[in-house]
Structures are given as structure tokens and as C-alpha cells.
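Visitor: This is the structure I have questions about; it appears just below.
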Amino acid sequence: MNPEIRKVAVVGSGILGTQIAVQSAHFGYDVSVYDSNPASFEKAHQDLKTVLKKAVGKRIFTPEQWEDGARKVTRCSELSHALEEADLVIEAVPEDLGLKREVFKQIDPVAPQRAILATNSSSIPISKIEGATTRPEQCLNLHFYFPAMGTTMVDVMGGTRTTAQTFDAGKAWVRSIGCTPLTVKKEILGFCFNRVWRAIKRETLYMWAEGFVDFRDIDRAWMIFTGMPHGPFGMMDNVGLDVVYNIETVYYNDSEDPKDQPPEALKAMVERNELGRKTGKGFYTYPNPEYEKPDFTK
Ligand code: NAD
């Protein structure tokens, strides 16, 4: 436990917010969640149980510990209730700058003065959100990876006025929940590892959309090369293709480079509600996607 942080409030309990909440509860924090859709936590909890069962390699939970952590999370139907006594508030609503600023604006007057406000955004630097609050010194990016119970690293990045105290408290909290903080010294879109992952996504989506290589072969190559249980396309299905599309759009809007524009074919999948694991179809079909079959890489 981190002495400066005892109570954690998570705003937006979808796939990432739920992971963060359960993980924090597992490591001893008092945790509450608020979501505008009250069914979100339970849905994400069930989906994540499946991910956890199938995850290989390093894991910080047993399925029993995951259930136990989820039971300890207080689900609130009012934002103000979730924020009571919070020392750290983590926003994990969809990747939309306007929405995130609006949510920070709602959190700021209600959260305790001492509370640190963090965003789990995959691409938006806190400097674009902090102005919606009266406490930019206490704002930062804490960016988790999916699935947090296996990919135990968190990008930590400050904004224009984040104090060293806020930054260090964020890093210490990340360590206290079994993750490695990745310090981003100067603000950059994509933080530390996400920028590396983004270069892989852009290249592999281009190869698929332009018809150079079947996406399955890209995944096979990746799995053989790295020993991972899926390749970039399986990974994107797990993340959610709507999330991937929105993130690619943020990079494109930032650079305005036509090469960064997400492929039309990806947009068409999102419009057909082919969002990956969460809707049962993306690049693969779920449950039991092709890449989980033992002969997939043969
Ligand atoms: P999600 O769609 O699974 O969850 C978002 C949740 O926010 C939903 O449950 C929704 O009901 C809720 N919500 C929407 N508006 C709200 C509001 N005004 N107040 C409270 N709740 C609200 O999305 P996600 O995949 O969990 O992504 C959340 C954030 O985490 C995004 O910024 C995303 O970029 C980032 N992220 C996602 C991943 C990933 O792999 N999915 C990884 C790292 C970071």
C-alpha cells in the first residue's frame, strides 16, 4: 500500500476501468467505481474472467483472487458517492477528448482537494485535459495496458504543471499494485511502449488493408517470433476495434499525415459493429478464435 493513497475511485468501469479497480482492490486499496451505464462493471468483469482464464505467462491473479478483488469493489450509481474520500481518481471513459474534459470538469469540484486526478487515455496527453480542472498540478497520465493482470506496466506522464510530488505518488501507487512504472520524461503522444505498439498497428493494418498479406500470416509470424499467444490482429480484437480506430484517429489528427489515416476497411468493420472479442466478431470470431487452435502456427 502507498501511504499517500488509500482510496481509489475509477470513473468509467468498462474493460480497462474494471481491471484497474479489481487490481487496486486486490492490492488492498479501498476502491469505488462509477459508470454512466450501471451494467458495465459486471459485463467487463465477466469478459475479463475469460481473458484471465486463457492468459498465459506472467499473471498477478489467480481466478479466485480476481473474483475476490471484484467483490471488494464498491459500485456507485452517483459520481459524488464514488469520489467520497478518494485520494486518487482514475478516469477510464471512452477515448474522446471532449468527453474526457467534460468528465474531469465534473470530477474536479466533487473530489477531495488532495486527490490526484489521472487519465487512463491511450493517446491523449494530460496537458489537453488538465485545463478542465482547477488543479493541473495534481493531474497526470497513468496509462495501463491490456490485460493489466498480465501486462504489468503503466506509463506515467505529467502535464504542463504536474508537480514532482504528484508524479512520484503516481509511480509509487503503480508499483504498489504490482506494475512497473514507465517514466515518460517529456510529453509525447503514445507515451513509452504504446508508441512502439502503435507503429506495429499502423504497419500491420496497412499491410492487411492494402491486400499485401493475410492478417493471419502476420499473426502467425508474430506468435512464432515472440512466443506470444496472439499476434497484432488478435491483440487488436481483444482491445476492441472501436478503441483501436479512435486511437489511430487521434494520431492522424495530431500529425495530419495521410499515412497515419486509419484504413477505411477498419472503419467499415467498426460501423458493422465488428469490434472484436466484445461483440463476438472482429478479425476473428469469438469465443474460440482461430489463433487459439493448437495448429494455428503450423
Ligand atoms: P470501454 O468502452 O470498455 O469502457 C468505457 C466505459 O466508460 C463504458 O463502460 C461507458 O459506459 C463508460 N462511460 C462513458 N461515458 C461516461 C461518463 N460520462 N461517465 C462515466 N462513465 C462513462 O473502453 P475501455 O477499453 O475501457 O477504454 C477506456 C479508456 O482506457 C480509453 O481512454 C482507452 O483509450 C483507454 N485504454 C484502453 C485499453 C484497451 O485495451 N481497451 C488499453 C489502455 C487504455
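The values are calculated or read from the model by the stated rules, or taken from the named source; none is laboratory data. Keep in mind that what you see is a predicted model, and the values were worked out from it rather than measured. Here the Cβ positions follow ideal geometry from the backbone for every residue, glycine too, while neighbour counts run over all protein chains shown. These area figures cover heavy atoms from the full protein model, side chains too; ligands, DNA and RNA do not enter into them. Shrake-Rupley method; radii C 1.70, N 1.55, O 1.52, S 1.80 Å.
Visitor: Quick one: how many residues across the range 1-14 are over 23 Å from SER80 (Cβ atoms) and buried (at least 24 other Cβ atoms within 10 Å of the Cβ)? Break it down into steps so the answer makes sense when it comes.
Guide: Within the range 1-14, the subset over 23 Å from SER80 (Cβ atoms) is 1-3.
Subsequent filtering for residues that are buried (at least 24 other Cβ atoms within 10 Å of the Cβ) retains none.
Of the residues in the range 1-14, 0 are over 23 Å from SER80 (Cβ atoms) and buried (at least 24 other Cβ atoms within 10 Å of the Cβ).
Visitor: So, of the residues in the range 261-283 that are of a type in the set (Asp, Glu) and in contact with a helix residue (DSSP H, G or I) (Cβ under 8 Å, 6 or more places away or on another chain), which turns out to be nearest to the ligand (Cβ to nearest atom)? Full working, then the answer.
Guide: Filtering the range 261-283 down to residues of a type in the set (Asp, Glu) leaves 264, 271, 274.
With in contact with a helix residue (DSSP H, G or I) (Cβ under 8 Å, 6 or more places away or on another chain) added as a condition, the list becomes 264, 274.
Working: GLU264: 22, GLU274: 15 Å.
Checked the range 261-283; the qualifying residue nearest to the ligand (Cβ to nearest atom) is GLU274.
Visitor: Test PHE27 against the criterion of being open to solvent by less than 10 Å² (accessible area, probe 1.4 Å), in the same structural domain as THR166 (by TED's automatic domain parsing) and not polar (S, T, N, Q), and give yes or no.
Guide: On the way: open to solvent by less than 10 Å² (accessible area, probe 1.4 Å): no; in the same structural domain as THR166 (by TED's automatic domain parsing): yes; not polar (S, T, N, Q): yes.
Considered against the rule, which asks whether it is open to solvent by less than 10 Å² (accessible area, probe 1.4 Å), in the same structural domain as THR166 (by TED's automatic domain parsing) and not polar (S, T, N, Q), PHE27 comes out as no.
So that you can scan it fast, the table gives a plain yes or no per residue for (1) without any contact (Cβ under 8 Å) to a residue 40 or more places away in the chain; (2) touching a Pro at 6+ places or on another chain (Cβ under 8 Å); (3) part of a strand (DSSP E or B); (4) open to solvent by 70 Å² or more (accessible area, probe 1.4 Å):
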residue	(1), (2), (3), (4)
ILE218	yes, yes, no, no
PHE225	yes, no, no, yes
ILE247	no, no, no, no
PRO262	no, no, no, no
ALA268	yes, no, no, no
ASN273	yes, no, no, yes
PHE283	no, no, no, no
TYR291	no, yes, no, no
THR297	no, no, no, no
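Visitor: While we're looking at this one, here's another question. Restrict the check to the range 42-65 and report whether at least one residue is touching a strand residue (DSSP E or B) at 6+ places or on another chain (Cβ under 6 Å), more than 11 Å from the ligand (Cβ to nearest atom) and open to solvent by less than 30 Å² (accessible area, probe 1.4 Å).
Guide: From the range 42-65, those touching a strand residue (DSSP E or B) at 6+ places or on another chain (Cβ under 6 Å) are none; that's our starting set.
No, that holds for no residue.
Visitor: If I ask for residues that are over 19 Å from the mean Cα position of the chain (by Cα) and within 11 Å of the ligand (Cβ to nearest atom), which ones from the range 222-260 would you list?
Guide: Listed by number, the list is empty, since nothing qualifies.
Visitor: So which residues in the range 227-241 are open to solvent by 20 Å² or more (accessible area, probe 1.4 Å) and either outside any helix (DSSP H, G or I) or of a type in the set (Phe, Trp, Tyr) (or both)?
Guide: Correct list: GLY227, MET228, PRO229, HIS230.
Visitor: Okay, moving on. Inspect all residues belonging to the range 111-124 and state whether any of them is at pLDDT 95 or above and over 24 Å from LYS171 (Cβ atoms).
Guide: No: zero hits.
Visitor: OK, next. Do any residues in the range 98-118 that are touching a residue at least 24 places away in the same chain (Cβ under 8 Å) have Cβ atoms under 7 Å from those of residues that are among the polar types (S, T, N, Q) and part of a loop (DSSP other than H, G, I, E, B), where the two are at least six apart or on different chains, and which pairs are they?
Guide: If the second residue must be among the polar types (S, T, N, Q) and part of a loop (DSSP other than H, G, I, E, B), the pairs left are LYS100/SER121; PHE104/THR133; ASP108/THR133; ASP108/THR134; LEU117/THR133.
Visitor: Out of all the residues in the range 72-98, which are closer than 12 Å to GLY12 by Cα, within 19 Å of the chain's Cα centre (by Cα) and open to solvent by 70 Å² or more (accessible area, probe 1.4 Å)?
Guide: PRO94
Residue by residue, here is whether (1) among the polar types (S, T, N, Q); (2) farther than 17 Å from PRO94 by Cα; (3) assigned by TED's automatic domain parsing to the domain that holds GLY276 holds:
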{"position": "THR18", "(1), (2), (3)": "yes, no, no"}
{"position": "VAL31", "(1), (2), (3)": "no, yes, no"}
{"position": "SER36", "(1), (2), (3)": "yes, no, no"}
{"position": "LYS43", "(1), (2), (3)": "no, no, no"}
{"position": "GLN46", "(1), (2), (3)": "yes, yes, no"}
{"position": "THR50", "(1), (2), (3)": "yes, yes, no"}
{"position": "SER77", "(1), (2), (3)": "yes, yes, no"}
